[in-house]
Amino acid sequence: MVVLVALLAACGGDGRTTLTVSAAASLADAFGEIETAFEARHPDVDVILNLGGSATLREQILAGAPVSVFASADLETVSDFVEEGRFERWVVFASNRLTIGVPAGNPAGITSLRDLARPDLAVGLCAPEVPCGRVARRVLDAAGVDVRPVTEELDVRALVTKLEAGELDAGLVYRTDVPAAAIDEVPLPTGLPADTEYVIGVISGGPESELAGRFVRFVRSRDGERILERHGFGR
């Protein structure tokens with residue numbers, strides 16, 4: 001993981017070409033593996049992953065961060081990129097679904113989405129302006145469940161961290177976050193609108209445009225798809 005300060009300072013001092021990829025926090029594990037695989041095929045390239053909430057990454061790019069590729073956890077976050085030509089090219093490349101995350105062992109005994117309305121529970125959501133927060137509120141509205149969150153996080157990994165620490169009784173997180181974390185899940189009913197589609201694009205006028213295109217093609221290749229599938233993402 002590379003924060004923006006380090007991102008701006010990256011210079012490829014070892015002679016390799018630097019390719020900066022900003023990716024939603026929920027892609028951290030999958031894109032870490034994709035980074036390794038891409039660099040193995042392109043030993044002259046150093047992929048710099050800048051991970052965070054999609055909305056935060058979007059603002060960094062708009063502020064001038066030298067990013068070549070942006071992978072967002074939904075289309076809504078980058079709708080203006082699409083409409084205003086900020087993407088040289090873009091594509092939907094993966095899907096994910098929300099689930100109820102609970103601390104290991106489910107100490108609060110949560111069995112359904114309606115339990116999250118219990119006043120005795122500490123429930124966390126993502127902030128409403130980020131993809132996981134938008135999907136969470138869509139799900140809660142569809143189910144008619146009123147949740148009063150004690151925290152609203154800017155990315156889903158922050159929510160998972162609080163669940164692991166036992167600071168929350170439950171939170172709506174992505175199902176892909178569960179296997180690698182010390183938490184359990186209570187799946188949502190299939191009829192709820194809990195799905196999201198991930199978008200990846202080459203930034204118009206960004207550095208290393210041709211190399212950025214190769215990275216996007218690798219993500220969409222069968223090898224890239226296998227990596228995403230291993231980490232629980234759908235097509």
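Of note:
- Of all the residues in region 200-213, those that are surrounded by 16 or more Cβ atoms within 10 Å (Cβ to Cβ), within 17 Å of LEU62 (Cα to Cα) and modelled with pLDDT of 95 or more number 4.
- The selection criterion, being outside the structural domain of LEU62 (by TED's automatic domain parsing), without any contact (Cβ under 8 Å) to a residue 60 or more places away in the chain, touching a Cys at 6+ places or on another chain (Cβ under 6 Å) and not polar (S, T, N, Q), holds for GLY133.
- Highlighted here are the strands (runs of 3 or more DSSP E) found entirely within region 14-77 that include at least 1 residues which are in contact with a Cys (Cβ under 9 Å, 6 or more places away or on another chain): 17-24.
- Strands (runs of 3 or more DSSP E) enclosed by region 136-213 - at least 1 residues per element that are within 30 Å of GLY85 (Cα to Cα): 151-153, 170-174, 195-203
- Selection of region 35-74 for residues being of a type in the set (D, E, K, R) and either modelled with pLDDT under 95 or farther than 20 Å from ARG157 by Cβ (or both) yields GLU39, ARG41, ASP44, ASP46.
- The residues of region 56-81 that are touching a residue at least 24 places away in the same chain (Cβ under 8 Å) and aliphatic (A, V, I, L, M), listed by number, are LEU57, ILE61, ALA65, VAL67, VAL69, ALA71, ALA73, LEU75, VAL78.
- Selected residue (criterion: nearest to the chain's Cα centre (by Cα)) from residues of region 11-67 that are farther than 27 Å from ARG97 by Cα and of a type in the set (Lys, Arg): ARG41
- Selection from region 135-155 of residues that are in contact with a Ser or Thr (Cβ under 8 Å, 6 or more places away or on another chain) and modelled with pLDDT of 95 or more: VAL135
- Residue check for ALA158: surrounded by 15 or more Cβ atoms within 10 Å (Cβ to Cβ) and among the small types (Gly, Ala, Ser): yes
- With respect to being at pLDDT 95 or above, more than 21 Å from PHE31 (Cβ to Cβ), buried (at least 18 other Cβ atoms within 10 Å of the Cβ) and not assigned by TED's automatic domain parsing to the domain that holds ALA28, PRO119 falls outside the description.
The values are calculated or read from the model by the stated rules, or taken from the named source; none is laboratory data. Predicted, not measured: the structure shown is a model, and the values here were computed from it. Neighbour counts run over all protein chains shown; Cβ positions are idealised from the backbone, glycine included.
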